[in-house]
1. Among ARG30, ARG45, which is the only one that is touching an Asp or Glu at 6+ places or on another chain (Cβ under 8 Å), among the basic types (Lys, Arg) and away from the ligand (no atom under 12 Å from the Cβ)?
2. What is the residue count in the stretch 67-116 for residues that are outside any helix (DSSP H, G or I), within 13 Å of the ligand (Cβ to nearest atom) and within 24 Å of GLU27 (Cα to Cα)?
3. Of the residues VAL119, VAL164, VAL137, only one is outside any helix (DSSP H, G or I) and either in contact with a helix residue (DSSP H, G or I) (Cβ under 8 Å, 6 or more places away or on another chain) or of a type in the set (Ser, Thr, Tyr) (or both); which?
4. Just checking, does the stretch 30-46 include any residue being farther than 18 Å from ARG96 by Cα, in the same structural domain as PRO103 (by TED's automatic domain parsing) and not in a loop (DSSP other than H, G, I, E, B)?
5. Check whether at least one residue in the stretch 173-193 is among the acidic types (Asp, Glu) and under 22 Å from the mean Cα position of the chain (by Cα), and report yes or no.
6. Determine if the stretch 173-187 includes at least one residue that is outside the structural domain of PRO35 (by TED's automatic domain parsing), without any contact (Cβ under 8 Å) to a residue 12 or more places away in the chain and either surrounded by 12 or more Cβ atoms within 10 Å (Cβ to Cβ) or out of contact with any strand residue (DSSP E or B) (no Cβ under 7 Å at 6 or more places or on another chain) (or both).
7. Six or more apart or on different chains, Cβ under 9 Å: which pairs go from a residue in the stretch 202-221 that's under 18 Å from PHE104 (Cα atoms) to one that's part of a loop (DSSP other than H, G, I, E, B) and among the polar types (S, T, N, Q)? Could you list them?
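The values are calculated or read from the model by the stated rules, or taken from the named source; none is laboratory data. Fair warning: this is a prediction, and the values are worked out from it, not measured in the lab. Cβ atoms come from the backbone with ideal geometry, glycine included; neighbour counts cover every protein chain shown.
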Amino acid sequence: MSSYDAIAELYDPWSASVVEDVAFYLEEARRSGGPIVELGVGTGRIAVPLGADGIHVIGIDSSRAMLEVCARRAALAGVTLDLRVGDLREPPVTERVPLVICPFRSLLHMHTDEDRLSVLGATHDLLVPGGRFVFDVFAPDAADIAQTQARWLEREPGIFEHAVWDESERTLTLTIRGDERGTTMALAWLSPGEWRHLLMRAGFEIEACYGWFDRSPYRGREDTVWIARRPSS
Ligand SMILES: C[S@@+](CC[C@H](N)C(=O)[O-])C[C@H]1O[C@@H](n2cnc3c(N)ncnc32)[C@H](O)[C@@H]1O
């Protein structure tokens, strides 16, 4: 049972304003030529536009309910996606691909370096030599924590979020409620330096670390957008 099962029908209205990353991932997918793997595909917020562009997407997610919504959304758009139930740490993929993506901070669902390295190692193995791993994560700044700590905020009409930040453990306990549905999930963040170190331990070369999806350089703000490459030889 995944914490996302309970909010699968709420996820799209909850994330309705998150659109800034779609063109970025589409550009990366086009550049790769596909096929691509999306780890934590969710309801297809990214995968459906990529599929609509003719890119073959293998989507992995541990939440069956999210995958059901994704399949419905893809069918409505006339898109075929290859959706598979599985874990980020052991993705059920035997194919080798030129691009793996993990959008919208899904890696923050990994709480230990062991788990993070499992995902990074599995991803490295999925890639052809020279293939890329593209993902985004965040680390909150003090102002964001102060503004949102333990407050109910209306993120979208009728959909509320409650964040409890633990700065010493570097975890966020996020509760989402709306439309009589709700869930609580735990996320764990790292500094950009720690992500860099883990990527290198997993055998990646780092091609870019942007501060936003417009490819502007990272300047110490909350978000980082990574392009890592499996070395060619
Ligand atoms: C923030 S959502 C991102 C969904 C989609 N990529 C997007 O950009 O909208 C995180 C997704 O990761 C999935 N997820 C969380 N932990 C997972 C795990 N251990 N294995 C596979 N999927 C997982 C959740 O079910 C959810 O669909």
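1. Of the residues listed, the single one that is touching an Asp or Glu at 6+ places or on another chain (Cβ under 8 Å), among the basic types (Lys, Arg) and away from the ligand (no atom under 12 Å from the Cβ) is ARG30.
2. Residues meeting the conditions: 12.
3. VAL137
4. Scanning the stretch 30-46, I find no residue that is farther than 18 Å from ARG96 by Cα, in the same structural domain as PRO103 (by TED's automatic domain parsing) and not in a loop (DSSP other than H, G, I, E, B), so the answer is no.
5. Scanning the stretch 173-193, I find no residue that is among the acidic types (Asp, Glu) and under 22 Å from the mean Cα position of the chain (by Cα), so the answer is no.
6. yes
7. TYR210/SER216
Residues checked against (1) surrounded by 17 or more Cβ atoms within 10 Å (Cβ to Cβ); (2) farther than 16 Å from SER63 by Cβ:
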{"residue": "LEU83", "(1), (2)": "yes, no"}
{"residue": "LEU88", "(1), (2)": "yes, no"}
{"residue": "VAL100", "(1), (2)": "yes, yes"}
{"residue": "ASP113", "(1), (2)": "no, yes"}
{"residue": "ALA122", "(1), (2)": "yes, yes"}
{"residue": "VAL137", "(1), (2)": "yes, yes"}
{"residue": "ALA143", "(1), (2)": "no, yes"}
